[in-house]
1. Of the numbered conditions (1) farther than 21 Å from residue 451 by Cβ; (2) at pLDDT below 90, residue 543 fails exactly one; give the number of that condition.
2. Taking segment 253-282 only, how many residues are of a type in the set (Val, Ile, Thr) and under 30 Å from residue 172 (Cα atoms)?
3. Please enumerate the residues belonging to segment 244-294 that are open to solvent by 70 Å² or more (accessible area, probe 1.4 Å), touching a Lys or Arg at 6+ places or on another chain (Cβ under 7 Å) and at pLDDT below 95.
4. Looking at this structure, is residue 198 among the hydrophobic types (A, V, I, L, M, F, W, C), touching a strand residue (DSSP E or B) at 6+ places or on another chain (Cβ under 9 Å), open to solvent by 30 Å² or more (accessible area, probe 1.4 Å) and within 28 Å of residue 325 (Cα to Cα)?
5. Going by the structure shown, is residue 147 assigned to a loop (DSSP other than H, G, I, E, B) and among the charged types (D, E, K, R)?
6. Looking for something free of Cβ contacts under 8 Å to residues at least 40 places away in the same chain, of a type in the set (S, T, N, Q), more than 15 Å from residue 183 (Cα to Cα) and in a loop (DSSP other than H, G, I, E, B) - is there at least one such residue anywhere in segment 151-158?
7. Given the criteria open to solvent by 10 Å² or more (accessible area, probe 1.4 Å), in a loop (DSSP other than H, G, I, E, B) and within 26 Å of residue 254 (Cβ to Cβ), does residue 107 qualify?
Amino acid sequence: MGYALFGKENIMLKRKGISSLLIGCVFALYSLPLDAQVKSFTDDPVKFIEELKSFFDAGTTNKDAARDFLRKFENEYWSIGKTHDSKFNESQKQMCYEVCNLMLKKRLHLPDFTSYLSSMMNFVDTKQPDKNFLSWQDCINKILNGKSIRSYSEFLAMSENLFANNVFYKSPTYEWSSNTNNFEFQYDSVPKVIFSSLNLVCHNNQKDSVVILNTKGIYYPATGKFSGHGGKITWLKAGLEENTVYAEIKKYDISVKSGGYSADSVVFFNKTYFDKPLLGQLTDKALPEAGGMLSYPRFESYSKRLGIKNLSDRVDFEGGFSMRGSKFIGSGNANEDAKLVFKRNDKKFLVVGTKQFFITNEKIMADNANIRIYLDNDSIYHPSLSFKYILKDKQVSLIRSDEGVARTAFLNSYHMLDMYFEELTWKTDDPQIQLKMLFGNTQGEADFESSNFFKLGRYEQIQGIDGSNPLLQIKNYVKSLQGLREFYATDLARYMRITADELRPLLVRMATMGFLNYDTEKDWLQIKDRLFVYLTDRAGKSDYDVINFHSVLPNQSNGLINLLNYELTLRGVSSIILSDSQNVEIFPKEQKVIVRKNRDFTFSGRIHAGRFDFLRENLCV
C-alpha cells in the first residue's frame with residue numbers, strides 16, 4: 001500500500017483509505033529557487049517535521065496535497081506530542097534524519113523524499129523485521145555516498161512497492177512479486193534483494209501470469225535482473241493437473257522487463273505419457289493470447305527420438321517432445337520426422353511422419369504429413385497431407401489439398417493406381433477405408449489412374465514452349481552422374497542452364513505427377529522410376545495403358561478399400577476406356593468396379609469394342 005509516488009514531472013499521492021480527491025493531486029516541482037529551500041535537517045523530531053514542511057512548500061505549488069501527505073506522516077507515524085506511540089523507533093528516526101540530509105546534500109528533489117518517506121511508512125505498516133530496515137538503510141547510504149546515484153530513484157520506487165505488497169518490479173506492462181516478505185537487502189558493489197524462499201510471480205496488465213513455486217534468488221534493482229535457483233513450474237494455468245504435468249528448474253536468470261524467461265537443463269514430468277522425466281528447455285511468458293488458447297509454459301526435450309507406446313489405443317509415437325500450454329507437440333528434426341504408427345492385427349499398418357504433431361486430449365493433428373499405408377508388401381503413399389485423428393471416435397482423416405506438393409496423387413502400389421481424391425478416412429476399429437471428395441464438393445469427381453497411364457498431351461504439357469522436355473533433361477543429368485538419382489535442385493538448375501527459382505515451380509509440378517520426390521525445405525530431389533518409364537512410353541518402346549476409373553459421386557465415398565482382402569470398390573464409374581486406339585470401352589452395371597492387386601478388376605455390364613457390344617457378368621479384366 002504505497003502512500004505516495006511522486007514522478008519527475010508530477011507527484012501522485014495514493015494510499016489505502018485516502019480520498020479519491022487526493023489520489024490525482026499533482027505537484028508542480030521546482031516552483032521556488034533552490035536558495036529558498038531548506039539547507040539541512042536537524043535531529044530534533046519537532047524541528048525536523050517543521051523543516052520538512054518548509055522543504056515541501058518550497059518544492060511544489062500544490063501545497064494542499066503536500067500538507068496532507070505530511071500531516072499523515074506526522075500524526076500516524078512520527079507522532080510528536082500525540083497520545084499514542086510513534087510507529088518509528090528512535091533508531092529509525094535517526095536514520096531518517098541522516099538519509100534526508102544525504103539526499104539534500106546530493107540536491108535530490110521532492111519525489112525522492114516522498115518515495116523514501118512512503119517506503120518507511122510501508123515498512124512499519126507491514127511489520128518488517130528490524131534487520132531489514134538496517135540493511136535497507138545501509139544500501140541507501142552506500143548508494144548516496146557512491147560515485148553515481150542514477151539508480152537511486154528506481155531503488156526507492158522498488159522499496160516502496162516491495163514493503164507495501166512484496167512487488168519488487170512494477171511497470172505499466174509487468175509486475176514481479178514474491179508471496180512473502182522473507183527477504184533482506186545487501187550491498188556488494190551494487191544493491192540487491194535476497195529472497196531465501198518464495199513463490200515468484202509475474203503478472204501482466206491483463207492478469208496473465210508466470211509462476212515459479214518454491215524457489216529462491218537475488219534481485220538486482222540497478223539492472224532489473226533476477227537470478228534464481230531451484231523451483232517448480234506447473235501447467236495449471238493451461239488447465240493441466242499440477243502434479244501430473246510440471247517441471248523442476250535449476251538455475252535461471254530473468255530480465256524483469258521482458259515478462260518471461262527461458263531455462264536450460266530443466267527436468268520435465270508428464271505422467272500421462274512418460275514413466276520417466278525428460279531433460280530439456282523451458283520457456284514461460286506472461287503473454288495475452290488470442291481466443292484464450294494459452295501456448296505457455298513451453299517445454300522442449302533435448303532428445304528427438306523418444307518412444308511412447310500406446311499414446312492412444314494401438315497408436316505408438318516416436319520423436320521429440322514439447323509442450324505448448326496444454327498441447328503436447330511431437331517434433332522431428334532436420335534429418336528425421338516425428339512418427340505416429342497405427343497398428344492393425346498387431347502389425348504396422350499406417351505410418352504418419354511430420355515435423356510437428358499437435359496433440360490434445362481430444363485429437364492429434366499435423367500439416368504437411370507424409371503417410372504410408374501398408375497393404376502386405378505394397379503400400380499407399382502420399383508426401384504431404386493434412387492429418388487429423390479424433391481420439392474419441394478413433395477416426396483418421398487424411399486430406400489432400402490443391403496446393404504445391406500436396407496436389408500429388410495417393411500412390412497405390414498394391415492396386416497400381418494413382419488416386420486423385422480429397423479425403424481418406426478410416427475408423428481404426430473398422431475393416432474399411434473410405435476414399436472421397438470433401439463434403440460440399442458438389443461435383444464429387446475422383447480419378448483412379450493406372451500407374452502406367454500415359455497421355456501424349458500430358459507429356460507435351462510438361463514440355464511447354466521449351467525446346468527440350470525437362471523429363472528428358474533430368475534423365476540425361478542422371479546419366480551424367482552415372483545413375484545417381486538424388487541431388488540438389490540448384491545442381492540440376494545449373495545443368496539445365498536456368499535459375500533455381502525458375503526450376504522450382506516445375507519441380508513441384510513434376511512431383512505432383514509422380515516423377516520425383518521433392519523436399520522443398522532441403523531443396524533436395526529423388527528421381528523415381530516413373531520418369532524413365534514415361535520416357536520409354538513416349539518413345540513407343542513399351543506397352544502402356546490409358547485406364548482411368550473416373551468416379552462421379554457427390555457427398556458419398558468414391559472408393560472403399562476392404563482391409564480383409566484389400567479389394568478396392570469404385571463407385572460412380574459410368575465408363576472405362578481400355579484402348580482409345582481400338583475404341584474399346586466398358587460401361588459397368590450400377591457404375592461399380594472392384595479392383596484387385598496389380599490393377600486386375602471385375603465388373604458386370606456392357607463392353608463396346610469397335611462395332612460390337614457384349615454383356616458380361618463378373619468379368620475379370
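The values are calculated or read from the model by the stated rules, or taken from the named source; none is laboratory data. Just so it is clear, the model here is predicted, and its values are computed rather than measured. Here Cβ is always computed from backbone atoms with ideal geometry, including for glycine, and neighbour counts include all displayed protein chains. Keep in mind that these areas ignore ligands, DNA and RNA; they rest on the heavy atoms of the full protein, side chains included. Shrake-Rupley method; radii C 1.70, N 1.55, O 1.52, S 1.80 Å.
1. If we test residue 543 against (1) farther than 21 Å from residue 451 by Cβ; (2) at pLDDT below 90, just (1) comes out false.
2. In the first step, residues of segment 253-282 are kept if they are of a type in the set (Val, Ile, Thr); the result is 254, 256, 266-267, 272.
From what's left, under 30 Å from residue 172 (Cα atoms): 254, 256.
Residues in segment 253-282 being of a type in the set (Val, Ile, Thr) and under 30 Å from residue 172 (Cα atoms): 2 in total.
3. Within segment 244-294, none qualify.
4. So residue 198 does not fit the description; no.
5. On the way: assigned to a loop (DSSP other than H, G, I, E, B): yes; among the charged types (D, E, K, R): yes.
Answer is yes for this residue.
6. Looking through segment 151-158, none of the residues is free of Cβ contacts under 8 Å to residues at least 40 places away in the same chain, of a type in the set (S, T, N, Q), more than 15 Å from residue 183 (Cα to Cα) and in a loop (DSSP other than H, G, I, E, B).
7. Values: open to solvent by 10 Å² or more (accessible area, probe 1.4 Å): yes; in a loop (DSSP other than H, G, I, E, B): yes; within 26 Å of residue 254 (Cβ to Cβ): no.
So residue 107 fails the test.
Yes/no per residue for (1) in a strand (DSSP E or B); (2) more than 23 Å from the chain's Cα centre (by Cα):
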{"residue": "195", "(1), (2)": "yes, yes"}
{"residue": "198", "(1), (2)": "yes, yes"}
{"residue": "202", "(1), (2)": "yes, no"}
{"residue": "215", "(1), (2)": "yes, yes"}
{"residue": "218", "(1), (2)": "yes, yes"}
{"residue": "222", "(1), (2)": "no, yes"}
{"residue": "233", "(1), (2)": "yes, no"}
{"residue": "252", "(1), (2)": "yes, no"}
{"residue": "263", "(1), (2)": "yes, no"}
